[in-house]
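Colleague: Sharing a structure below in structure tokens format, with a few things to ask.
The values are calculated or read from the model by the stated rules, or taken from the named source; none is laboratory data. What you see is a predicted model; the values in this text were computed from it and never measured. Cβ sites come from the backbone with ideal geometry, for glycine too, and all protein chains shown count toward neighbours.
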Amino acid sequence: MTQALPSTMLAAVSMGEKFVAMWPEAFLFITTCVVMVLGLSKSLPVRRMCAPLAGVGLIGAGLIAAAMTPDTLCPLPSMAMYGKVLAAGIGLVLVCLLAGTVDRDFESDVERTGWFDVIRSKRAEFWAFFLFSLTGLMLTAGADDLILLFLALELTSLPTYVMVAISTRRDRSMEAGVKYFFLGALGAAMFLYGFAFIYGGTGHTGLQDIQREVRAQVDAGGINELTMLGLVLAVVGICFKIAAVPMHFYTPDVYQGSSASMAGYLAFVPKAAGFFAIMLVVSCAGWGFGESRAELPGMLRDVLWIIAVLTMTVGNVLALLQSSVKRILAYSSIAHSGYMLVGVIAGPGLDGRGGEFTRNGLAAVLFYLLSYGVMTVGAFAVLACLERRSRDGEIEEADHVADIRGLCKTHPVLGWIMVVSVVGLLGLPPLLGFFGKLPLFTSAISAGEIPLVVILAINSAIAAYYYLRLAYLCYIDPPETSPNLAPLRATPFGSRRVAGMLSAIGVVVLAVVGGKLADATVTAGRYIPPAGQTQQPERAADDDAPTPEHVVAPH
Amino acid sequence: MIEVVLADGAVSSYIPVMLLLTMAVTFGAFNVIASRLIGPRRDGGTKGQTYESGMAPIGTARKRFNVRFYLIAMVFLVFDIEIIFLYPWATTFPNLDPGSTNAQVWLFRILFFMATTVVAYIYGLRKGVFRFD
């Protein structure tokens, strides 16, 4: 008993410090508990508090995260703060977007009969799961240990399976939820298996310890094959979260099966969690290999390279063939994952720490996550704002490309949100998407990945076809009135329109203040090479032992 | 793969795993083969029947169950997990210096954790999990 005391005390101290880093999550978690209980109330005004309270929780968590997020003990120490604030910010837009997704017909039944059947109500679960999932996203950004990383990733995904299944009252949603769940379980099993191999190969679960051990293995002649296998398995497993190619099959079906608002949610939250996780896992091996001493270790780089190329190409080519806007956006989200993987491959650049925005691939990924999130949420918000009653009396959202024909004339605000969002996703210069894509190109060029840059450029050109087609349909095509279908109306949920307008404004305004954001992402994308590693042979003398204290955050 | 592990000299830590693997495979194979060799083979209507706790089975097996069974199972899990986490906490807590900040943090942490279980309980109560009618 007495022998165990010192190590216990040590654990207590480090756990205490770790808990300080989790105040935003703790705050969000408490809000979640309150939301869950309020959503079960008999009184409608109390039930209606759920969404605003979720917003308040996110604002609070975001402010706490911005004020007091310490650096984490991992090769990417400053990513935690950026990730948490990003989660809170986009989360707020998503609160507006997801309003009214569940319980709509149920509430009108309650109004008619005056009887509240608590079993049939889904509001409490939906909003609690929404917040749980965002808590998981924040935890993922701040993870410094494989176990925490796994739990955080699962906390992000598990609620989304249920949210997809209950997002509409159609069977298709249930089917989407089940598909998503089984493939998600497969992905989780794969990356957990990878984590087990990483632990087997290095003997640690802490990311910093793993980085140190990998460095020791490199000095001793090369990365242990168990470690390498673990890293590759983990990356491929996490590809499910980001919808990258070998694990992308669920994406279009799940997006189409869930409501448009939920699809907007899926396009951002699991993807952001996946990219935080992929960067954390990959950074344990680090970008200190290859001839330039700024590449990922051989096999890992090759695997990521192939995944990135396939993801971009498959996503873009299949998007050309779709006639459903949700499916187009789903394939476009696959393609965007491929673009972002280019940044992961490029790494923090030749100085090894990521001091320059145009050369730091990690900063580029973090910037792109923000811009992609804003733009894709805007596009899905437009779909979520339009609806019709179908013949069976159920509410049907706009989905077919014919539904958005002439939208700029019939619903000018929605039409313009759509145009701005898709042109942003395409990456045309004055808008946010361009400033997101540019550093991906420049960082990949400076990392010497010329073939990858060429493929990225070709893919951007392919993508132009279907993005411009969507913009053309909205702006130039005349409105189409089909005799078989009821005309589309705007939803009664004004906040969805607000979510769309916020996104569209973000696409324009964030591009203007992009410089400040770029600084933030450079700070967030700071990479700490393992102690003793020389990034460039000729500079070996002056930076032989970079430790966290000596690395100044670049501005 | 095995050779790499050998070169690192870490193979000894994998011996228990290998042993367990061998035992598991042997046990499974032994049972299948032994029952094939020495087990009696008498098939009949009674043997093929659905097992229903020794009673004569009634109705079809493809029946919908009340969702409440799952709810009760989940509520059970919540409290089960709570107990599992309380044990290690209870064995470690007396080692801490009474009145120190650490002890307070530890106490607060477990209280917070138990409060979350209370939330789960309230949720179950409101959803009618404990109403057996």
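Colleague: Report every pair of residues separated by at least 6 positions or lying on different chains whose Cβ atoms are under 6 Å apart, first residue within the range A:308-321 and under 20 Å from A:Gly347 (Cβ atoms), second part of a helix (DSSP H, G or I) and among the small types (Gly, Ala, Ser).
Modeller: Between residues of the range A:308-321 that are under 20 Å from A:Gly347 (Cβ atoms) and residues that are part of a helix (DSSP H, G or I) and among the small types (Gly, Ala, Ser), the close pairs are A:Ala308/A:Gly338; A:Thr311/A:Ser337; A:Thr311/A:Gly338; A:Met312/A:Ala335; A:Met312/A:Gly338.
Colleague: Which condition number in (1) buried (at least 23 other Cβ atoms within 10 Å of the Cβ); (2) out of contact with any Gly (no Cβ under 6 Å at 6 or more places or on another chain); (3) in a helix (DSSP H, G or I); (4) away from chain B (no Cβ under 14 Å) is the one that A:Gly55 fails?
Modeller: Answer for A:Gly55: the failing condition is (1).
Colleague: Also: Which residue is farthest from A:Ile30 (Cα to Cα), if the candidates are limited to the range B:109-132 and must be more than 10 Å from chain A (Cβ to nearest Cβ) and part of a helix (DSSP H, G or I)?
Modeller: B:Gly124
Colleague: Quick one: A:Ala128 ticks every box in (1) buried (at least 24 other Cβ atoms within 10 Å of the Cβ); (2) under 16 Å from A:Phe268 (Cβ atoms); (3) within 14 Å of chain B (Cβ to nearest Cβ) except a single one, so which number is it?
Modeller: (2)
Colleague: Out of the residues in the range B:71-108 that are facing another protein chain (nearest Cβ under 10 Å), not hydrophobic (A, V, I, L, M, F, W, C) and not in a helix (DSSP H, G or I), which is farthest from the chain's Cα centre (by Cα)?
Modeller: B:Ser100
Colleague: Mind listing whichever residues of the range A:390-402 are within 19 Å of A:Thr101 (Cβ to Cβ) and within 28 Å of the chain's Cα centre (by Cα)?
Modeller: Taking the range A:390-402 as the starting set, the residues that turn out to be within 19 Å of A:Thr101 (Cβ to Cβ) are A:390, A:393-399.
Selection gives A:Glu396, A:Glu397, A:Ala398, A:Asp399.
Colleague: So, one more: Checking A:Glu213 against (1) more than 14 Å from chain B (Cβ to nearest Cβ); (2) assigned to a helix (DSSP H, G or I), which test does it fail?
Modeller: Against the list (1) more than 14 Å from chain B (Cβ to nearest Cβ); (2) assigned to a helix (DSSP H, G or I), A:Glu213 comes up short only on (1).
Colleague: Can you confirm whether A:Ala234 is within 14 Å of another protein chain (Cβ to nearest Cβ), hydrophobic (A, V, I, L, M, F, W, C) and outside any loop (DSSP other than H, G, I, E, B)? Walk me through it before giving the result.
Modeller: Details: within 14 Å of another protein chain (Cβ to nearest Cβ): no; hydrophobic (A, V, I, L, M, F, W, C): yes; outside any loop (DSSP other than H, G, I, E, B): yes.
Answer is no for this residue.
Colleague: In the set A:Gly62, A:Gly114, which member is farther than 21 Å from A:Gly494 by Cβ, out of contact with any His (no Cβ under 8 Å at 6 or more places or on another chain) and modelled with pLDDT of 90 or more? Reasoning before the result, please.
Modeller: Values: A:Gly114 fails: modelled with pLDDT of 90 or more.
Sole residue among the options that is farther than 21 Å from A:Gly494 by Cβ, out of contact with any His (no Cβ under 8 Å at 6 or more places or on another chain) and modelled with pLDDT of 90 or more: A:Gly62.
Colleague: State which residue pairs qualify: first residue over 23 Å from A:Ile210 (Cβ atoms) and inside the range A:513-530, second residue among the acidic types (Asp, Glu) and buried (at least 24 other Cβ atoms within 10 Å of the Cβ) in any location, beta carbons under 6 Å apart, and separation of 6 or more residues or different chains.
Modeller: Matching pairs, first to second residue: none at all.
Colleague: For the range B:58-70, does any single residue satisfy the condition of being among the hydrophobic types (A, V, I, L, M, F, W, C) and within 12 Å of chain A (Cβ to nearest Cβ)? Outline the logic, then answer.
Modeller: The initial filter retains those residues of the range B:58-70 that are among the hydrophobic types (A, V, I, L, M, F, W, C), namely B:58, B:61, B:65, B:67, B:69.
Still in the list and also within 12 Å of chain A (Cβ to nearest Cβ): B:67.
Scanning the range B:58-70, I find at least one residue that is among the hydrophobic types (A, V, I, L, M, F, W, C) and within 12 Å of chain A (Cβ to nearest Cβ), so the answer is yes.
Colleague: Same structure again: Return a yes/no flag: does the range A:91-101 have any residue that is assigned to a loop (DSSP other than H, G, I, E, B), farther than 24 Å from A:Phe240 by Cα and of a type outside the set (Ser, Thr, Tyr).
Modeller: Pass one, the range A:91-101, residues assigned to a loop (DSSP other than H, G, I, E, B): A:99-101.
From the residues that got through so far, the ones that are farther than 24 Å from A:Phe240 by Cα too are A:99-101.
Narrowing further to those that are of a type outside the set (Ser, Thr, Tyr): A:99-100.
Yes.
Colleague: Next question. Considering every residue within the range A:475-483, establish whether at least one is within 29 Å of the chain's Cα centre (by Cα) and not in a loop (DSSP other than H, G, I, E, B).
Modeller: Let us first name the residues in the range A:475-483 that are within 29 Å of the chain's Cα centre (by Cα), namely none.
Scanning the range A:475-483, I find no residue that is within 29 Å of the chain's Cα centre (by Cα) and not in a loop (DSSP other than H, G, I, E, B), so the answer is no.
Colleague: Those residues that are aromatic (Phe, Trp, Tyr), closer than 15 Å to B:Tyr123 by Cβ and free of Cβ contacts under 8 Å to residues at least 12 places away in the same chain, I need them from the range B:53-83; list them, please.
Modeller: Step one: of the range B:53-83, the residues aromatic (Phe, Trp, Tyr) are B:65, B:69-70, B:76, B:79.
Now narrow it down to the ones that are closer than 15 Å to B:Tyr123 by Cβ: B:70, B:76, B:79.
Of everything in the range B:53-83, those that are aromatic (Phe, Trp, Tyr), closer than 15 Å to B:Tyr123 by Cβ and free of Cβ contacts under 8 Å to residues at least 12 places away in the same chain turn out to be B:Tyr70, B:Phe76.
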